[in-house]
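This report concerns only the one structure given below.
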Amino acid sequence: MIDKTQMRSLLVNMERTAEEVLQRDAAFFETLYALKSEIDKDPHVRSAMQVLEATGHRAFTSFVPRLNIRVRTENDVLGLPHPAESSCALPSEHTREVNDELRRAASAVIQRSSHRQELDAIINEAIGSSDSFERMASEIERAGYEIVICIDFSPYTRVHGVDFAMPQRQLPQPPNTGDAVPALRLSKSDLRFLSELKIRADF
């Protein structure tokens with residue numbers, strides 16, 4: 001029998017171990033940013049971005065996949081609390097609607113992307129190769145519980161206040177289909193995520 005304190009300690013250590021394993025997995029980051037590039041090139045995402053930027057807002061898309069280790073019991077699913085992403089206070093109903101559309105468009109790309117399935121496979125293989133993770137998982141399973149690994153690809157946007165350096169009359173032109181693929185843009189959230197995982201972002 002595992003009490004609540006022991007269970008929480010195991011979940012904390014399992015999530016930490018999983019993160020440490022992924023820090024060393026180059027395939028994880030290559031596939032992660034291939035997915036981000038796919039989001040950035042999506043016509044619906046770019047359209048929503050242009051509408052926001054045309055009104056002087058500085059906006060970008062980003063996402064941080066998280067591993068949530070949960071334990072299924074007979075009556076419940078137990079897991080660690082994770083703070084929700086704070087949302088910006090947007091100045092108008094129209095801006096909020098465009099921001100919501102941007103989130104939906106990014107989410108749709110993630111749902112249908114083959115890179116998501118690749119990330120699922122990479123994460124499962126990486127975690128399964130960790131002896132430390134497997135020992136903790138076995139302890140929980142011997143107590144009669146089932147481990148559930150939840151991979152959360154949470155798309156979100158950050159929309160900042162109006163940038164007065166950009167006159168609102170200067171509307172960006174929609175891209176032509178023959179345009180070159182834009183360079184990958186890393187947001188502050190992306191850079192912070194990489195920094196936390198001790199990954200240098202030399203792009």
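The values are calculated or read from the model by the stated rules, or taken from the named source; none is laboratory data. These numbers were taken from a predicted model, which means no experiment stands behind them. Every residue, glycine among them, receives a Cβ derived from its backbone with ideal geometry; neighbour counts consider all protein chains shown.
State which residue is surrounded by the fewest Cβ atoms within 10 Å (Cβ to Cβ) when the search covers only segment 69-89 and only residues that are at pLDDT 80 or above and more than 17 Å from residue 141 (Cα to Cα).
Filtering segment 69-89 for residues that are at pLDDT 80 or above and more than 17 Å from residue 141 (Cα to Cα), the one surrounded by the fewest Cβ atoms within 10 Å (Cβ to Cβ) comes out as 81.
Counting only residues that are in a helix (DSSP H, G or I) and closer than 14 Å to residue 103 by Cα, which one in segment 51-64 is modelled with the highest pLDDT?
Top of the filtered list is 51.
Could you tell me which numbered condition residue 136 fails, if it satisfies all but one of (1) at pLDDT 90 or above; (2) under 27 Å from residue 30 (Cα atoms)?
Status for residue 136: all satisfied but (2).
For segment 119-144, how many residues are in a helix (DSSP H, G or I) and either within 21 Å of the chain's Cα centre (by Cα) or free of Cβ contacts under 8 Å to residues at least 60 places away in the same chain (or both)?
In the first step, residues of segment 119-144 are kept if they are in a helix (DSSP H, G or I); the result is 119-128, 131-142.
Pick out the ones that are also either within 21 Å of the chain's Cα centre (by Cα) or free of Cβ contacts under 8 Å to residues at least 60 places away in the same chain (or both) and you get 119-128, 131, 134-135, 138, 141-142.
Selection size over segment 119-144: 16.
Condition (residue is without any contact (Cβ under 8 Å) to a residue 24 or more places away in the chain and either surrounded by fewer than 19 Cβ atoms within 10 Å (Cβ to Cβ) or assigned to a helix (DSSP H, G or I) (or both)) applied to segment 41-49: is it met by at least one residue?
Yes: one or more hits.
Among the numbered conditions (1) under 17 Å from residue 115 (Cβ atoms); (2) in a helix (DSSP H, G or I), tell me where residue 14 comes up short.
All conditions pass for residue 14, except number (1).
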